[in-house]
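> Just dropping this structure here.
Only the coordinates and a few stated rules stand behind these numbers; no lab work does. The shown structure was predicted, so the numbers you read here are calculated from the model rather than taken from an experiment. Cβ atoms come from the backbone with ideal geometry, glycine included; neighbour counts cover every protein chain shown.
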C-alpha cells in the first residue's frame, strides 16, 4: 500500500471505495436540496410575515372593507397569507348577504368555514418542506456513519493481509471514511437548525392568522 | 417538490445553495491544508538481525583477550620452519666423513675428523641457534603483522557495522568469506522474519535450499528443496518465506554478488 503523503481533499474522496463514494454523493445531493429548501423557506416566510404586516396595516387603517376586497381580487397576483383568508371569508359573507333571509349564525358559520379552509391551505404552504428538513437532520448523520463504518471495515480488512501492521496502512482508509461522516454532519446541522427556526416562525404566523380570523369574524358579525 | 408560490424564489434559493456549498468546498480544500499535516517522512530502513553475522562474533572476544592467541600461535609455527633448515645442514655433515674414511684410515685422520666434526657440530649448533633466533624474530614479526591485520579487519568490520556502504565496498574488493557469511546471515534473517513459525512446530528442524540470487537481489528461479524438514507444511512455509523475502540483501561488490548465484542455504526456522 502506498504511503499516503498526499492527503488532499480530492485524493481522500477519489481514494474511497465505491459504497463510500455513493454515500458521499447521496449526502451531497441531500445537502444541496436541504440548503435549497432552507433558502426557499427563508424567502417565503419572510415574504409571508411582510405580507401579513402590510395587510394588517391596511385592514386596521379603517378603510372600506369592500374597497379592500376589490383591490385584492382584481390584483394580478393571487393573494396569499392573511389576504387570502380575508378574501375567502369576505366572499362567503357577501354571498350569504346577497341571498338574504338567512340566520345570522348560519352566515357566520359559513364564513368561518371558508376562512378555516383558506387558513389550512396557507398553513400547508408554510409547512411545506419542513418534514424534508427534519428527516435530513435526523437521518443524514446515520448515512454518513454508514459510509464511515464501511470504509473503516475495508481499511481493517486490508490490514489483515499485512504481516506488520502500521498506522500508515490504516490511516488513509479511515480518513477517507471519515469524510463521509463530515459531509453527513454538514448536511444535518443546518437542516436541524433551519427546521427548528422555521417551525417556530410558522407557529407564530399561524397564531397571527388565527387571531385575525377571530377579529374579522367579530367585525363581520357587527355589520349584519 | 416546489409549491406554486415558491417558484419566484426557487432560482435564487438554488443559486444560494450552490454558493454555500462552493464556499464550504473551497474552505475545506484551501484553509484545511491536509498536506501540511504531513511533514516529509524520513524513511529509514532497519534490518532486524536475530544474530550477528559469523565474523563479528569471534573478534570482540579476541580484543578482550589479546595475549591468549599469541601464546597459542607461538608453538604452531615453530615446528614448521625447523625441519626445513635442518636437513640442509645435515647433508654436508655425512659427506666429509665419508670422504675422510675413503681416503685415510689412520688415527690422525680420525682425530682430525673428530676435531672437524666437533668444530662443525659447534658451528652447526651456533647456526641452528642463529636460525632459531631469526625464526623467532620472524615469527614475532609475523604475529605482529597478523595481529595488526586482524585489528584492521576488525576496525573495518566495526566501521561496516556503523555505516554499511563505504567499508563494504573496501572489504568486498577481495571476496572474503566473511562478507559472504555476513550476507548469508542477513538473507537468513530476512527469510526468518517471513516464516510462519507456527507451521514448523516446536522443534528446530534444519532445511536445505538451493537458491539462485540475481545481482538485483531477486530469485533466478524457484527455490529448490534439497533437504526437507520432514514436515511438508513447514517446507512450504519456508519456501513461501524465501519468495516473499525478495529482494535479498547483497554486498555492493559485483564479484561478491556473483557468489550468491548458487547459494546453498542451511536454514533453521526457529533460529540457530
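> Give me the inter-chain shielding for B:140-152: mean count of other chain Cβ atoms within 10 Å, whole number please.
Per-residue shielding by partner chains comes out at 0.
> Would you mind computing, in nm to one decimal, how far apart the modelled labels at residue A:113 and residue B:194 are, each placed 7 Å from Cα along Cα→Cβ?
8.9 nm
> Ranking request for peptides B:228-234, B:111-117: highest mean number of other beta-carbon atoms within 10 Å first, then the rest in descending order.
B:228-234, B:111-117
> I'd like the mean, over residues of B:2-10, of how many other protein chain beta carbons sit within 10 Å of each residue's own Cβ.
Neighbouring Cβ atoms belonging to other protein chains average 6 per residue here.
> Using a Förster radius of 45 Å, what is the FRET efficiency between residue B:21 and residue B:246 based on their Cβ-Cβ separation? Nearest 0.05, please.
0.40
> In square nanometres and to one decimal, what's the mean projected area of the convex hull around the Cα atoms of the range B:175-267?
Value for the range B:175-267: 5.4 nm².
> FRET efficiency for residue A:10 and residue B:11, Cβ-Cβ distance as r, R0 = 25 Å, nearest 0.05?
0.25
> If R₀ is 22 angstrom, what is the calculated FRET efficiency for the pair residue A:22 and residue A:157, using the beta carbon separation as r and rounding to 0.05?
Using R0 = 22 Å, I get an efficiency of 0.75.
> Arranged from highest to lowest average of other beta-carbon atoms within 10 Å per residue, in what order do the peptides A:147-153, B:260-266 appear?
A:147-153, B:260-266
> Once the convex hull of the C-alpha atoms of chain A is built, how many Å³ does it hold per residue, rounded to a whole number?
Hull volume over Cα atoms, normalised by residue count, gives 138 Å³.
> Order A:98-106, B:119-127 from most to least packed using the mean count of other Cβ atoms within 10 Å.
B:119-127, A:98-106
> Residue A:73 versus residue B:206, label points 7 Å from Cα toward the beta carbon: distance in nm?
11.5 nm
> Summarise the partner chain shielding of A:42-48 as one whole number: the mean count of Cβ atoms from other chains within 10 Å of each residue's Cβ.
3
> So, one more: Cα axis of helix A:104-127 to longest principal axis of chain A: angle in degrees, 0 to 90, nearest 10?
Around 20 degrees separate the two axes.
> Specify the angular offset, from 0 to 90 degrees and rounded to the nearest 10, of the alpha carbon long axis of helix A:18-59 from the longest principal axis of the alpha carbons in chain A.
Value to nearest ten degrees: 20.
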